[in-house]
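As structure tokens, the structure follows; a few thoughts come after it.
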Amino acid sequence: MSLRARLTVLNMVIVGGILLLFGTTLYLTFRFVLNNQVNHTLETASYAISQALRIDQRGSLVMDTEPKLDPANEVYYQVWGRDGLLKYASQKQPAGNEHLDFVNLGPNLSITRDVNLAGIRLRVLSVSLSGSGTNRPVGVLQVGVSLVMTESILQTLLAILLVGATVAVSVAGLAGWFSISQALKPLDLVTETALQITRADDLSRRIPYHGSPGDEVGQLILAFNQTLSRLENLFNSQRRFLTDVGHELRTPLTVIKGNVDLMRRMNSMDDESMDSIENEVDRLTRMVSDLLLLAQAESGKIPLVWRTVELDTLVLEVMQQMRVLARDRLSLRLDEIDQVLVCGDQDRLKQVLLNLIGNAIKYTPTGGEVVVGLGKANQQARITVADTGPGIPEEDRPYIFERFYRGEKSRTRSKDGKGFGLGLSIAYWIVKNHKGMIEVSPNQPHGTTFCVWLPLADGPCPDEIISG
Ligand code: ADP
């Protein structure tokens, strides 16, 4: 059953339930009031007739004057003597001289019963009459009131309630169906757009909504559109990633193929070509292992061996290795160094330093300077790598931590055959998984400073392997 149908049925059941409760209460109240009214009429009439009766010396019932009965009510009465004969009766009788009700009453007793007499529904009160102060019965008084009016009022009320309830439930069903359909209409749009997106394979579409963005449907559409944006970004980055990998693979493979062709044509092993092939293969191997590392990192499969790391010792070690790269082309120096302990994976943190200092050396022209610093600030370890290179243009800065992102200048310079645009993504991932932060800022007048923040070790670190 559709949601629309279920909500409509629920709506009808609720309205029907309320009407049933209301109708039953109304009907019972009416019946109670009307019954009370009939009983009251019977009692008043019976009292008036008893007042008009007296017992003579022979112990017989005598009625001197007509009893005063309310003319608004049609009341029948019969006074039966001790001998079982009808002594007095109202002028109008439903069935001649027949008993209003056939009862056998004991002394001083009374009974009220609903009877059917000659096709007329009556309520009859029968009272045993006795002399004052004695229990000796002298006769029976029977008073009857027609129930035709009462029953017809109740039947009419029941019919009105039934017809009214049926109409109300049908109207509630129709109105519910219409309003629910209106409310669910935007959902049809969501379904339609989702199907169009699937059919056309077009994630750039968004669902338009002209209602209030704060209502339930608005919120649903907002969430759906956000999911679409996220999916679109993911697909785009996947597409970009494949294109980038393709480009990166093509250059070294072209170089290798060119050199192999050359050697085949010359029919000799050329040392220069072999070196070039070896360089390209090294480059490819580095790229593939970087890619694997990133892929593993993103799927959370890289184990981080957690232990206490002396950052100062690590910085000095990396500086030592990097001096070979800097040679006398530029100056690589240590600015400030503090004793700093953090908890983390020593090898991965070393990789961060190698990537940052390696980039600074790579991008800084001959004669420039790379300054490394280690200190503490705001209860955190702070590593800085500043250079006097060309700096990173403002438009590139938001993207440099993305996979394969390389600034325009770096791309044109990639003839040095070293960068793939993966180093900073790897550094970013490692720092993030150490609950730290990596940021970049421009130097004045030129150059770049990378700053890495890591939480200080506050006590011994647990020796454990954490999957990143
Ligand atoms: P690459 O292998 O290209 O160096 P990275 O991920 O390490 O890749 O860096 C991404 C981009 O950030 C580089 O292509 C470069 O444009 C820019 N970059 C990184 N470090 C520096 C730096 N110290 N000076 C100038 N540009 C930098």
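Read-outs throughout are calculated quantities, based only on the coordinates presented, and are distinct from any laboratory measurement. Please read these numbers as outputs of a predicted model, since none were measured by experiment. Glycine also receives a Cβ, built like all others from the backbone with ideal geometry; neighbour counts cover every protein chain displayed.
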With the dipole of the chain defined by +1 on each Lys or Arg Cβ and -1 on each Asp or Glu Cβ, the option from Q351, S128, N35 whose Cα lies farthest towards the positive pole is S128
Semi-axes of region 193-299 from the Cα gyration tensor (sqrt of 5 times each eigenvalue, largest first, whole Å) come to 51, 15, 7
Set K301/K435; K362/K435; K257/K350, cut-off 25 Å on Cα-Cα distance; pairs above it are K362/K435; K257/K350
Filtered hits (aspartates and glutamates, Cα-Cα < 14 Å from K432, offset >= 8 within chain) -> E298, D345, E402
Ranking P208, Q155, S179 by how far each Cα lies towards the positive end of the charge dipole of region 125-276 (+1 on Lys and Arg Cβ, -1 on Asp and Glu Cβ), the top one is Q155
Calculated from DSSP helices alone, with each H run of at least 4 adding -39500 (n - 2.57) and the total divided by the residues of the chain, [θ]222 nm to the nearest 500 comes to -18000 deg cm²/dmol
Given all pairs of distinct Cα atoms, the chain yields a Kirkwood Rh in Å of 33.3
With +1 on the Cβ of every Lys and Arg and -1 on the Cβ of every Asp and Glu, the dipole magnitude of region 3-154 about its Cα centre, in debye rounded to the nearest 20, is 460
In the chain, taking the dipole from +1 charges on Lys and Arg beta carbons and -1 charges on Asp and Glu beta carbons about the Cα centre, the listed residue (F22, L220, T449) farthest towards the positive end is F22
The orientation-averaged projected area of the Cα convex hull of region 267-321, in nm², is 6.7
re region 1-55: pairs of Cα atoms spaced beyond 13 Å account for a percent value of 73
Measuring from its Cα centre, the chain shows a charge dipole (+1 at each Lys and Arg Cβ, -1 at each Asp and Glu Cβ) which, in debye to the nearest 20, is 1300
Packing-ranked peptide list from 66-78, 427-439, highest mean Cβ count within 10 angstrom first, is 427-439, 66-78
Semi-axes of region 3-154 from the Cα gyration tensor (sqrt of 5 times each eigenvalue, largest first, whole Å) come to 45, 14, 13
The correct pair for region 302-467, radius of gyration to one decimal and Dmax as a whole number, both in Å and from Cα atoms, is 15.6, 48
Cα pairs beyond 16 Å in region 142-221, in percent, come to 71
Answer in debye to the nearest 20: the dipole magnitude of region 216-296 about its Cα centre, from +1 Lys/Arg and -1 Asp/Glu charges placed on Cβ, is 380
With a Förster distance of 45 angstrom and the Cβ-Cβ distance between S110 and L20, calculated FRET efficiency to the nearest 0.05 equals 0.75
Candidate span helices, the chain: DSSP H, at least 20 Å along axis from Cα coords, Kyte-Doolittle average at least 0.5, result 3-52, 148-200, 311-326
Given 451-461, 265-275, 238-248, 138-148, the highest-first ranking by average Cβ count within 10 Å works out to 138-148, 451-461, 238-248, 265-275
Once the in-chain neighbours fewer than 8 apart are removed, the aspartates and glutamates whose Cα is under 20 Å from K68 read E43
